[in-house]
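Asker: Can you read through this structure? Questions will come right after.
The values are calculated or read from the model by the stated rules, or taken from the named source; none is laboratory data. Keep in mind it's a predicted model, so treat the numbers as computed, not measured. Here the Cβ positions follow ideal geometry from the backbone for every residue, glycine too, while neighbour counts run over all protein chains shown.
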Amino acid sequence: MRRIAPHTLILASLFVLGACAPATEAPTPKANVETTDTTTTAATEKARLNAWFEDRFMESVRAYPQQLTSLGIDERQDEWNDPSRAYALEQLDRTREDLAEMRELFDYDALDADGQLSYRLFEKNADNALAGREWWDHQYTYTQMRGAHSSLPTFLMNNHKINDLEDAENYLTRLETIDVPLDEYTRQAKAKFEKGIAPPTFVYDFVIESSRNIIAGNPNDAESEDLNLLLGDFKKKVEKLDLDEPTRTGLYERAIAAIVNDLTPAYERIIAEMERQKPLSSSDDGAWKLPDGGDYYSARLEVMTTTDMSATEIHELGLSEVDRIHSEMREIMKQVEFDGTLQEFFEFTRTDSQFFKPEGARGRAAYLKEATKFIDDMKVRLPEVFNRLPKAELEVRAVEAFREKAAGKAFYNRPAPDGTRPGIYYANLYRMDAMPVYQMEALAYHEGIPGHHMQLSISQELEGIPSFRKYGRFTAYSEGWGLYSEYLPKEMGLYQDPYSDSGRLAMELWRAARLVVDTGLHDKKWTREEATAYLMTNTPNPESDCLKAIERYIVMPGQATAYKIGMNKILELREGAKAELGDKFDIRDFHDAILATGPVPLSIMEEQVDLYIAEAKAG
């Protein structure tokens with residue numbers, strides 16, 4: 001039976017967030033044609049293995065009630081995930097047992113190619129998770145980008161549906177017990193701080209403000225015009241139910257009590273701990289400041305890129321790509337007859353009013369409407385370049401007010417598998433002068449169609465592969481696809497406005513510059529100010545955009561490097577396939593080779609493209 005040596009990598013949530021290092025090399029395919037008996041044996045073995053995978057997947061999902069809710073599974077809807085280290089270690093023990101069981105029960109060599117791929121991915125995910133316990137403490141508990149202080153309220157608002165009285169009561173139970181996970185996270189933040197693992201000083205004000213926003217508003221009166229955020233969400237959902245007035249009133253009273261007695265005190269404890277830590281915190285920004293910070297950052301790069309590229313190699317690639325894209329942008333300057341330097345062109349696009357919607361509700365509504373139109377127009381063109389199309393619906397929304405100041409520029413939430421929740425492309429319209437209209441088109445393609453919505457929806461709609469692959473996540477794959485999806489429409493004749501095309505280039509430039517500043521911050525010990533200055537000099541993004549981005553990269557080491565490295569790999573594989581196949585190359589089939597496996601490391605993506613090339617050559 002085949003064995004694959006484990007690699008030491010960072011902890012990733014098994015199945016759902018399965019980040020992966022370079023995958024183990026696949027066996028060389030056999031040249032001989034399999035007999036019918038061998039084919040039948042392989043199919044039987046694969047069916048057994050897939051059934052085992054589904055059992056393990058559901059066991060893993062049932063261990064996390066919030067994941068059940070996200071997947072539309074009506075179990076444990078009144079519970080939160082257990083965030084304790086003890087529980088995480090318990091789950092790692094189960095992972096170790098599952099890995100040993102798979103290796104004992106199933107013969108790798110008896111599986112077909114797809115079964116072997118599933119085996120390898122499960123094995124790699126498990127090895128990564130087990131090795132990653134070394135870095136369990138290194139992720140900051142509360143930051144402006146992520147943390148339970150913002151994710152739990154967002155989960156209630158976006159994921160916890162209320163279709164009947166039982167759903168409403170489950171929502172209330174979660175509201176009444178929200179202090180349990182929040183207090184555990186606060187305890188972890190305190191313990192990490194004592195170990196020297198804490199975010200830079202600037203992070204604290206963001207966390208404090210977001211926490212105060214959650215408990216702001218009137219929590220005592222369901223009829224108030226200034227409702228508390230979660231009381232308002234609960235009321236809006238309950239109003240749609242057919243309930244008698246006493247029942248409805250009783251629900252509101254229970255919600256008010258939960259907010260006053262459970263939610264608010266827990267957030268006050270978060271705020272108090274953040275205020276205690278802030279004056280004692282450091283202004284050092286990079287991962288290098290953490291215990292074994294160099295090794296931690298190397299592990300992060302390996303996980304995020306699914307390559308073995310060093311920080312130095314990534315930094316140099318970024319510098320090279322920035323130079324290349326600058327040259328292409330100078331060609332755009334010629335098209336629009338701009339007379340000046342590249343930096344002067346950047347300043348022009350940062351400041352000229354023609355490039356921005358007005359502040360206020362009217363400008364935000366116009367932005368959302370136009371972004372939706374770009375996506376709707378692209379939907380019609382998809383069959384030209386894709387065989388597979390997503391079934392799930394997509395909505396464009398503004399980031400909610402309570403988190404818009406701290407949130408990123410744009411992001412995507414995947415749809416519910418059962419169709420009860422659409423995919424959501426969130427645009428952050430907190431400041432309209434940070435959302436130039438010349439980037440609107442590329443941003444819509446990246447977050448929506450043919451970008452994240454298409455890739456993630458198709459992934460979870462795939463048939464015949466184990467669920468852990470449908471819901472797996474490899475950042476270089478998904479974000480590489482998102483950036484590739486900005487470029488593909490250019491080849492389809494879109495970006496008719498040269499300024500819109502400059503926006504596309506500006507966003508690619510942004511991702512190239514990320515390679516420079518992420519490695520600069522975490523490997524070369526750049527300061528926040530130095531990294532921000534680099535972006536200001538080399539990209540057209542406004543200062544507020546540059547500062548917010550650098551603050552994001554500081555608290556998420558390595559994540560920003562995945563985009564450009566993933567995109568470059570897809571383009572490299574596509575050009576190789578074109579060269580190999582000539583007239584036999586079909587871009588729709590090439591996209592199938594990328595999308596039909598679900599998320600995979602870049603090395604496995606290359607294997608799948610090689611298989612596509614071989615099959616196309618064979619006719």
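Asker: I'd like to verify a number: residues in the stretch 334-347 that are in a helix (DSSP H, G or I), in contact with a helix residue (DSSP H, G or I) (Cβ under 9 Å, 6 or more places away or on another chain) and without any contact (Cβ under 8 Å) to a residue 60 or more places away in the chain, how many?
Answerer: 1
Asker: Which one is surrounded by the most Cβ atoms within 10 Å (Cβ to Cβ) among residues in the stretch 171-196 that are touching a residue at least 60 places away in the same chain (Cβ under 8 Å) and over 30 Å from Thr69 (Cβ atoms)?
Answerer: Among those residues, the one meeting the criterion is Phe193.
Asker: Determine whether Gln460 is among the polar types (S, T, N, Q), out of contact with any His (no Cβ under 6 Å at 6 or more places or on another chain) and more than 23 Å from Ser60 (Cβ to Cβ).
Answerer: So Gln460 does not fit the description; no.
Asker: Something else about it: Wholly within the stretch 443-499, which helices (runs of 4 or more DSSP H) include no fewer than the required count, namely at least 1 residues that are among the hydroxyl-bearing types (Ser, Thr, Tyr), under 21 Å from Leu121 (Cβ atoms) and over 12 Å from the mean Cα position of the chain (by Cα)?
Answerer: 452-461, 467-470
Asker: Out of everything in the stretch 546-560 that is charged (D, E, K, R) and within 13 Å of Pro200 (Cβ to Cβ), what residue ends up being nearest to the chain's Cα centre (by Cα)?
Answerer: Looking at residues that are charged (D, E, K, R) and within 13 Å of Pro200 (Cβ to Cβ), I get Arg552.
Asker: Restricting to the stretch 217-238, name every residue that is over 21 Å from His160 (Cα atoms) and within 31 Å of the chain's Cα centre (by Cα).
Answerer: Gly217
Asker: Which of the numbered conditions does Gly472 fail, given that it passes all the others? Conditions: (1) farther than 19 Å from Arg588 by Cβ; (2) at pLDDT 95 or above.
Answerer: Against the list (1) farther than 19 Å from Arg588 by Cβ; (2) at pLDDT 95 or above, Gly472 comes up short only on (2).
Asker: Only one residue in Val380, Val322, Val303 is of a type in the set (Val, Ile, Thr) and over 30 Å from Asn538 (Cα atoms). Which one?
Answerer: So the residue among Val380, Val322, Val303 that is of a type in the set (Val, Ile, Thr) and over 30 Å from Asn538 (Cα atoms) is Val380.
Asker: Condition check: basic (Lys, Arg), in the same structural domain as Arg397 (by TED's automatic domain parsing) and under 27 Å from Thr597 (Cα atoms). Does Arg504 satisfy that?
Answerer: no
Asker: Restricted to the stretch 382-426, and to residues that are touching a residue at least 40 places away in the same chain (Cβ under 8 Å) and acidic (Asp, Glu), which residue is farthest from Tyr142 (Cα to Cα)?
Answerer: It comes out as Glu384.
Asker: Here is a follow-up. Inspect all residues belonging to the stretch 311-333 and state whether any of them is assigned to a helix (DSSP H, G or I), polar (S, T, N, Q), in the same structural domain as Asp497 (by TED's automatic domain parsing) and free of Cβ contacts under 8 Å to residues at least 40 places away in the same chain.
Answerer: yes
Asker: At least 3 residues that are more than 30 Å from Thr40 (Cβ to Cβ) and not hydrophobic (A, V, I, L, M, F, W, C) in each: list the helices (runs of 4 or more DSSP H) lying fully within the stretch 60-159 that qualify.
Answerer: 65-70, 85-105, 148-158
Asker: Name the residues in the stretch 439-469 that are of a type in the set (Ser, Thr, Tyr) and modelled with pLDDT under 95, would you?
Answerer: Hit for the stretch 439-469 is Ser467, nothing else.
Asker: Is it the case that some residue within the stretch 163-180 is at pLDDT below 95, over 18 Å from Ala416 (Cβ atoms) and among the small types (Gly, Ala, Ser)?
Answerer: So far as the stretch 163-180 goes, no, none of its residues is at pLDDT below 95, over 18 Å from Ala416 (Cβ atoms) and among the small types (Gly, Ala, Ser).
Asker: If we keep just the residues of the stretch 552-589 that are of a type in the set (A, V, I, L, M, F, W, C) and outside any helix (DSSP H, G or I), which is surrounded by the fewest Cβ atoms within 10 Å (Cβ to Cβ)?
Answerer: For the stretch 552-589, the residue satisfying everything is Phe585.
Asker: Give the residue, chosen from Phe345, Phe411, that is outside the structural domain of Asn228 (by TED's automatic domain parsing) and surrounded by 19 or more Cβ atoms within 10 Å (Cβ to Cβ).
Answerer: Only one candidate qualifies: Phe345.
Asker: Being farther than 16 Å from Tyr487 by Cα and either crowded, with 22+ Cβ neighbours inside 10 Å or outside the structural domain of Ser478 (by TED's automatic domain parsing) (or both) is the filter here; which residues of the stretch 430-452 pass it?
Answerer: Met435, Pro436
Asker: Take Gly363 and decide whether it is of a type in the set (Gly, Ala, Ser), in contact (Cβ under 8 Å) with a residue 40 or more places away in the chain, closer than 30 Å to Ala476 by Cα and assigned to a helix (DSSP H, G or I).
Answerer: no
Asker: OK, next. Can you find even one residue in the stretch 113-120 that is surrounded by 20 or more Cβ atoms within 10 Å (Cβ to Cβ), out of contact with any strand residue (DSSP E or B) (no Cβ under 8 Å at 6 or more places or on another chain) and either closer than 29 Å to Val399 by Cα or aliphatic (A, V, I, L, M) (or both)?
Answerer: The answer is yes, given that some residue of the stretch 113-120 is surrounded by 20 or more Cβ atoms within 10 Å (Cβ to Cβ), out of contact with any strand residue (DSSP E or B) (no Cβ under 8 Å at 6 or more places or on another chain) and either closer than 29 Å to Val399 by Cα or aliphatic (A, V, I, L, M) (or both).
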